[in-house]
Ligand code: ADP
Ligand code: MG
């Protein structure tokens, strides 16, 4: 059975897509079967996995609207070693078109049931907004991974996200928990980043992942080659950090049963 996690943060440019793509590739590297779902109409996770968003039909959009089965919409990332349920601009329409559909917040969850046995992990990349698409991700997931830069205003945005997770937990998905905060684009030479990082640990304790992702230009270059950074330059510091993060995720899931459907998990 698959452990479903969504990568979310209402802010744009904080490393959601980079984390989704490289965690998928990192998990695949260590032998996990992974499906990456791109729920952002920008389709960056799709392109970054080496799947052309302009030649996607059916895509996650048709699958969500029940026009095509997921099995037909998923593709193999040519270099990543995982499957992709890709997105493109069409998906923006789903925000509106799903509104009057039955179980509109649970479409993705229902859809993923069809392929549950095929994967160990399902990762969902989300758009930088809290609309119906992100709600679908939060309803399908057991855990939320929140990438964040250790900057002063990062903490402010976090309050909104934590409240949203609480609300979804209370009203729509009682299984949902905030699994953790992932420090990304980290530069230890910047004192403020160290301070914010320490503050995060004080406030959130073990909800902060041990792994820290450094700022590393190879991670930023990889998407233009249609490859996850983990594959593009295996020895780069960014690649090594994401593989380490994948190992941490596997450890957390197997230590607590956290994330796998059907297990009892304390919130
Ligand atoms: P989001 O999906 O939250 O909008 P992205 O993952 O697209 O954020 O990242 C925003 C920008 O930062 C991209 O140009 C990406 O290549 C770059 N980036 C992300 N993580 C890193 C990192 N660890 N080191 C260097 N650049 C990064
Ligand atoms: Mg993104």
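No value in this document is a laboratory result; all are computed from the given coordinates. All of these numbers come straight from a predicted model, not from anything done at the bench. Every residue, glycine as well, gets a Cβ built from its backbone with ideal geometry; the counts of neighbours run over all protein chains shown.
What's the long-distance tail for the stretch 68-159, i.e. % of Cα pairs beyond 19 Å?
On the way: 2082 of 4186 pairs.
Cα-Cα pairs of the stretch 68-159 separated by over 19 Å account for 50 percent.
Using a Debye calculation, one point per C-alpha and no hydration shell, please list log10 I(q)/I(0) for the stretch 1-78 at q = 0.15, 0.21 Å⁻¹ in order.
For the stretch 1-78, the Cα-only Debye profile gives -0.55, -1.07.
At residue 159 and residue 95, where each label point lies 7 Å from the Cα along Cα→Cβ, what is the point-to-point distance in nanometres?
Going by the 7 Å Cα→Cβ label model, 2.5 nm.
Which of 52, 100, 120 comes first, and how do the rest follow, when ranked by fewest Cβ neighbours within 10 Å?
Numbers: 52 13, 100 7, 120 18.
Fewest-to-most Cβ neighbours within 10 Å comes out as 100, 52, 120.
How big is the C-alpha Rg of the stretch 141-267 next to the rule-of-thumb value 2.2 N^0.38 Å, as a ratio? Provide the component values of the computation, followed by the final result.
Values: Rg = 15.9 Å, N = 127, 2.2 N^0.38 = 13.9 Å.
Expressed relative to 2.2 N^0.38 Å, the Cα Rg reads 1.14.
If each residue's Cβ is checked for other Cβ atoms within 10 Å, how do 57, 236, 20, 3 rank with the fewest at the top? Intermediate results must be reported in sequence, preceding the final value.
Numbers: 57 12, 236 19, 20 29, 3 25.
The most exposed by this proxy come first: 57, 236, 3, 20.
Distances longer than 36 Å among the Cα atoms of the chain: what percent of all pairs is that?
Values: 2379 of 35511 pairs.
Value for the chain (Cα pairs over 36 Å): 7 percent.
Taking the chain as a Gaussian network, where each spring joins two C-alpha atoms under 10 Å apart, which residue of 17, 191, 211 fluctuates the most?
191
Considering only DSSP beta bridges whose two residues both sit in the chain, what percent are antiparallel, to the nearest 5?
Details: 4 of 29 bridges.
That works out to approximately 15 percent antiparallel.
Which of 226, 31, 180 moves most in a GNM of the chain, Cα contacts under 10 Å?
31
What's the ranking of 151-164, 73-86 by average number of surrounding C-beta atoms within 10 Å, highest first?
Result, highest mean Cβ count within 10 Å first: 73-86, 151-164.
Could you compute how fast the stretch 1-150 diffuses translationally, taking Rh as the Kirkwood radius over C-alpha pairs and applying Stokes-Einstein at 25 °C with viscosity 0.890 mPa s? Give it in µm² per second.
Working: Rh = 14.8 Å.
Diffusion coefficient, whole number: 166 µm²/s.
Among 169, 203, which comes first, second and so on when ranked by fewest other beta-carbon atoms within 10 Å?
Numbers: 169 17, 203 12.
Ordered by Cβ neighbours within 10 Å, fewest first: 203, 169.
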